[in-house]
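Reading through the structure tokens given below for one structure.
The values are calculated or read from the model by the stated rules, or taken from the named source; none is laboratory data. These numbers come from a predicted model, not from an experiment. Please note: Cβ atoms are built from the backbone with ideal geometry, for glycine as well, and neighbour counts cover all protein chains shown. What goes into the accessible areas is simple: the full protein's heavy atoms, side chains included, and nothing from ligands, DNA or RNA. Shrake-Rupley method; radii C 1.70, N 1.55, O 1.52, S 1.80 Å.
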Amino acid sequence: MFLKLFQALKLSGIPVTIKEYLDMLNGLEKGICDSNNVDEFYHFSKISLIKDEKYFDKFDKVFKSFYELNNEFYQEIKNKIPKEWIENQLKKIFSDEMKKKISNDKEWEDVLKEFEKILEEQKKKHQGGNKWLGTGGTSMFGNSGYNPKGIRVGGSSQNKSAIKVWEKREFKNLDDKVLLNTRNIQVALKRLRKFARQSSELEFDLENTISSTSKNAGMLDIKYRPERTNKVRVLLFIDIGGSMDEHTKICEEIFSAANSEFKSLDFFYFHNCIYEGVWKDNMRRSSNVTSINEIIRLYKKNTKVIIIGDALMSPYEVVYPGGSIEHWNEKPGSYWIKKIVSYFDKTIWLNPENIDNWDYSQSTKILKELVNHLMFELNISGIEAGMKELAK
Amino acid sequence: MKKKFSSTNNYIASNQLIEAVNAAVILEKPLLVKGEPGTGKTMLAEEIAATFEAELISWHIKSTTKAQQGLYEYDAVSRLRDSQLGNKKVQDINNYINEGVLWKAFTASKKPVLLIDEIDKADIEFPNDLLQELDKMEFFVYETNEVIVAKQRPIVVITSNNEKDLPDAFLRRCFFHYISFPDEKTLAEIVKVHHPNIKKNLLNYALSSFIEIRETPGLKKKPSTSELIDWLKLLVADDLDLEDLKNKNKNSILPPLYGALLKNEADVELFQKIAFMARREN
């Protein structure tokens, strides 16, 4: 039964390993969690299988479907809600007077009986509707309902937390597919920080000298070591204007937050597609243009190039001379992009557009090919994949 | 070890956290705790130690910390000095082996709690260098050819602020718990633990101001629970009446002594702007 959960987690792309699975079984064997308590099982499987909060949301989703599909689990919830608890809950909700006042014609005992019957009948989770146990709806059972005789299952009770905590999906924000937040991105960008010890430049290694001298019984033994510096330089080209406006600001923030990670970081802007010139100051874009040829002269080949743009435009803007919507370009955008890609060792494209839409846009397909398919979605996992590629 | 970890008089732990700690203790695995700064990660280890009446051995990691330092260090320099002074001590290499925190934890007479604090501060390879030591709970001392084996496996608590990704091999060996930011009710409980005599209306006022600040979109640094506690300490120390506080503060949109919560001038400005707009709408 648990193997199914493990397989489902694996399939959903969460890195779970056999060792962790065995740890979990081991824990269950030792009675870490009460076998009748799904909540405890949920928490325990989470702490033993999931090692990064960015997978919590995925885990919740998988757990939810696992839970719904397993009839065995249904039996467990049934056991999980002991009669006394239901009664207690009901007593909490309705005072005696209220019970008397219940406008519905059914009696108190009937309510209880019906609740049990419904628990029996119910085979899967249900929302809305007016009979089944679930959330919302006008049924008497489940939570957030508004029948005066309704029974709240799970939810607000203090000593028992909600049955389906995973449905809250409180870690949604931590899912790396969704959230772009400077802090997380900084972590992703740190991949790029490459402290390469290169053999040419040497610096005096004091610590090593002292220790080898003393090991040498006091005869001086001087040691050197290769210098350790952060050598990564980054060049950013950011699409500005039009469909990109909403993304541009966040891109700038992200990368300036990560500035400390690199030896140098330079921004340039372009509009839609890169042509012969790019600019640093969007206000003076007409007068202060840096040509791509100049950039190639100024920056070393090992500079990492990141292009950020949604790649949404007419294909003419990429492949034909004069295709630019702003000026007459002698050479097509594809020529300039090829030039950048072939000069620099590594170039990637980050695209804020949803990856599912890429195939519908002709220009995206062309540009993706131009950057050797190194186009990544602009979210945390995309950036992480891109940084891995750049750091190679 | 029959005892189980639970919330104490001065530490409020969620059920999930309690379960995570107990699982880690029973299965003798390191517990990796992540979460926003100021959610009580380090305090957790202290509380575990108190619950199990165990000694707390802390290892605070810095960017320069090496895994070897946690095991032992061979003090070659003092040996050199001693040899030149003709000290007898120099004959025995054991005199120059300084025990590290892991060594101490392994050889403690009673099961200790070992806290490895802010492991993400260290070099990216640091956790990898500790794999074997934390897994087998033993290590080898090259200088003396001896193997140090743990008498009993210590309870290991590792905290991380998420500045670096930890290597997969390391993560596989740990249990993982993420302390999420407490909700208002839990916050109130936490405050009560630290300031038992706080006046109800002051508490409500403070909590709502605190939450208002935290919810300001785009803050560079959100105030943490520990900052809330410190801020309340200031408010309580002044022993001002809530009305006085409000009067004194009538002309300002910022809560009194806001410096304890907002620690960045850009954030102060942003909060002022947003709060001002919100109040005008009302």
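Out of all the residues in the range B:59-69, is one or more farther than 30 Å from A:THR213 by Cβ and not β-branched (Val, Ile, Thr)?
yes
Considering the range B:247-280 alone, what residues qualify as being modelled with pLDDT under 70 and assigned to a helix (DSSP H, G or I)?
B:ASN247, B:LYS248
Inspect the range B:91-101 for any residue being under 19 Å from the mean Cα position of the chain (by Cα) and in contact (Cβ under 8 Å) with a residue 40 or more places away in the chain and give the result as yes or no.
Yes: the range B:91-101 contains one or more residues that are under 19 Å from the mean Cα position of the chain (by Cα) and in contact (Cβ under 8 Å) with a residue 40 or more places away in the chain.
Taking the options B:LYS29, B:LYS4, B:LYS34, name whichever one is under 25 Å from B:ARG172 (Cβ atoms), within 13 Å of chain A (Cβ to nearest Cβ) and part of a loop (DSSP other than H, G, I, E, B).
Working: B:LYS4 fails: under 25 Å from B:ARG172 (Cβ atoms); B:LYS34 fails: part of a loop (DSSP other than H, G, I, E, B).
The conditions single out B:LYS29.
Could you grab me the full set of residues in the range B:104-116 that are touching a residue at least 60 places away in the same chain (Cβ under 8 Å) and open to solvent by 10 Å² or more (accessible area, probe 1.4 Å)?
B:LYS111
For the range A:16-27, how many residues meet the condition of being free of Cβ contacts under 8 Å to residues at least 24 places away in the same chain and assigned to a helix (DSSP H, G or I)? Steps first, answer last, please.
Within the range A:16-27, the first condition is being free of Cβ contacts under 8 Å to residues at least 24 places away in the same chain, and the residues that meet it are A:17-19, A:22, A:25-27.
Within this subset, residues satisfying the condition of being assigned to a helix (DSSP H, G or I) are A:18-19, A:22, A:25-27.
Of the residues in the range A:16-27, 6 are free of Cβ contacts under 8 Å to residues at least 24 places away in the same chain and assigned to a helix (DSSP H, G or I).
On the basis of being surrounded by fewer than 19 Cβ atoms within 10 Å (Cβ to Cβ), among the polar types (S, T, N, Q) and assigned to a helix (DSSP H, G or I), does A:ASN357 make the cut?
Yes, satisfied.
I'm trying to understand the selection: among the residues of the range A:39-57, which are touching a His at 6+ places or on another chain (Cβ under 9 Å) and either more than 9 Å from chain B (Cβ to nearest Cβ) or among the charged types (D, E, K, R) (or both)?
Once the filter is applied, which keeps residues that are touching a His at 6+ places or on another chain (Cβ under 9 Å) and either more than 9 Å from chain B (Cβ to nearest Cβ) or among the charged types (D, E, K, R) (or both), the range A:39-57 yields only A:LYS46.
Output the number of residues of the range A:373-392 satisfying the condition of being in a loop (DSSP other than H, G, I, E, B), touching a residue at least 24 places away in the same chain (Cβ under 8 Å) and closer than 18 Å to A:TRP358 by Cβ.
If we filter the range A:373-392 for residues that are in a loop (DSSP other than H, G, I, E, B), which is where we start, we get A:373-374, A:378-379, A:392.
Within this subset, residues satisfying the condition of being touching a residue at least 24 places away in the same chain (Cβ under 8 Å) are A:374, A:378-379, A:392.
Next, from what is left, pick out any that are closer than 18 Å to A:TRP358 by Cβ: A:374, A:378-379.
Qualifying residue count for the region: 3.
Inside the range B:48-79, can you point out the residues that are more than 14 Å from every other protein chain (Cβ to nearest Cβ) and small (Gly, Ala, Ser)?
Answer for the range B:48-79, where residues must be more than 14 Å from every other protein chain (Cβ to nearest Cβ) and small (Gly, Ala, Ser): B:ALA49, B:ALA50, B:ALA54, B:SER58, B:ALA67, B:GLY70.
Going by the structure shown, is B:ILE61 over 24 Å from B:ASP165 (Cβ atoms) and open to solvent by less than 60 Å² (accessible area, probe 1.4 Å)? I'd like the intermediate steps shown before the answer.
Details: over 24 Å from B:ASP165 (Cβ atoms): no; open to solvent by less than 60 Å² (accessible area, probe 1.4 Å): yes.
Taking the combined requirement at face value, the residue does not satisfy it.
Looking at the range B:145-179, which of its residues are surrounded by fewer than 20 Cβ atoms within 10 Å (Cβ to Cβ) and in contact with a Gly (Cβ under 9 Å, 6 or more places away or on another chain)?
Within the range B:145-179, B:ASN161, B:ASN162 qualify.
Which numbered condition in (1) out of contact with any Phe, Trp or Tyr (no Cβ under 7 Å at 6 or more places or on another chain); (2) among the β-branched types (Val, Ile, Thr); (3) modelled with pLDDT under 60 is the only one that A:VAL62 fails?
(3)
Mind telling me which of the residues A:ILE18, A:ILE32 ends up being modelled with pLDDT of 75 or more, open to solvent by less than 50 Å² (accessible area, probe 1.4 Å), within 14 Å of chain B (Cβ to nearest Cβ) and touching a Phe, Trp or Tyr at 6+ places or on another chain (Cβ under 9 Å)? Write out each step before concluding.
Numbers: A:ILE18 fails: open to solvent by less than 50 Å² (accessible area, probe 1.4 Å).
Result: A:ILE32 is the single residue among A:ILE18, A:ILE32 that is modelled with pLDDT of 75 or more, open to solvent by less than 50 Å² (accessible area, probe 1.4 Å), within 14 Å of chain B (Cβ to nearest Cβ) and touching a Phe, Trp or Tyr at 6+ places or on another chain (Cβ under 9 Å).
Going by the conditions given, is B:ALA54 small (Gly, Ala, Ser), assigned to a helix (DSSP H, G or I) and surrounded by 18 or more Cβ atoms within 10 Å (Cβ to Cβ)?
No: the conditions fail for B:ALA54.
Sort out which residues of the range A:35-67 are within 23 Å of the chain's Cα centre (by Cα), surrounded by fewer than 21 Cβ atoms within 10 Å (Cβ to Cβ) and without any contact (Cβ under 8 Å) to a residue 12 or more places away in the chain, and write them in order of number.
A:ASP52
Read through the list (1) under 21 Å from A:VAL234 (Cβ atoms); (2) assigned to a helix (DSSP H, G or I), then give the number of the only condition that A:LYS301 fails.
It fails just one condition, (2).
Does the range B:13-31 hold any residues that are closer than 26 Å to B:ARG214 by Cα and surrounded by 18 or more Cβ atoms within 10 Å (Cβ to Cβ), and which are they?
Across the range B:13-31, the qualifying residues are B:ALA13, B:GLN16, B:LEU17.
Please give the number of the condition B:ASP230 fails out of (1) surrounded by fewer than 19 Cβ atoms within 10 Å (Cβ to Cβ); (2) over 30 Å from A:PRO15 (Cα atoms); (3) at pLDDT below 85.
That leaves (3) as the condition not met.
Does the range B:80-92 hold any residues that are more than 10 Å from chain A (Cβ to nearest Cβ) and exposed (fewer than 13 other Cβ atoms within 10 Å of the Cβ), and which are they?
Within the range B:80-92, B:LEU85, B:GLY86, B:LYS88, B:GLN91, B:ASP92 qualify.
Take the residues in the range A:1-15 that are surrounded by 15 or more Cβ atoms within 10 Å (Cβ to Cβ) and assigned to a loop (DSSP other than H, G, I, E, B); name whichever of them is nearest to the other protein chains (Cβ to nearest Cβ).
A:PRO15
So which of B:ALA13, B:ALA20, B:ALA45 ends up being within 20 Å of B:THR225 (Cβ to Cβ) and away from chain A (no Cβ under 14 Å)?
On the way: B:ALA13 fails: away from chain A (no Cβ under 14 Å); B:ALA20 fails: away from chain A (no Cβ under 14 Å).
Criteria check complete, one pass: B:ALA45.
Looking for something out of contact with any Pro (no Cβ under 9 Å at 6 or more places or on another chain), over 22 Å from B:ASP267 (Cα atoms) and more than 14 Å from chain A (Cβ to nearest Cβ) - is there at least one such residue anywhere in the range B:205-228?
No, the range B:205-228 contains no residue that is out of contact with any Pro (no Cβ under 9 Å at 6 or more places or on another chain), over 22 Å from B:ASP267 (Cα atoms) and more than 14 Å from chain A (Cβ to nearest Cβ).
Residue check: is A:LEU367 closer than 19 Å to A:ILE240 by Cα, open to solvent by less than 10 Å² (accessible area, probe 1.4 Å) and assigned to a strand (DSSP E or B)?
No: the conditions fail for A:LEU367.
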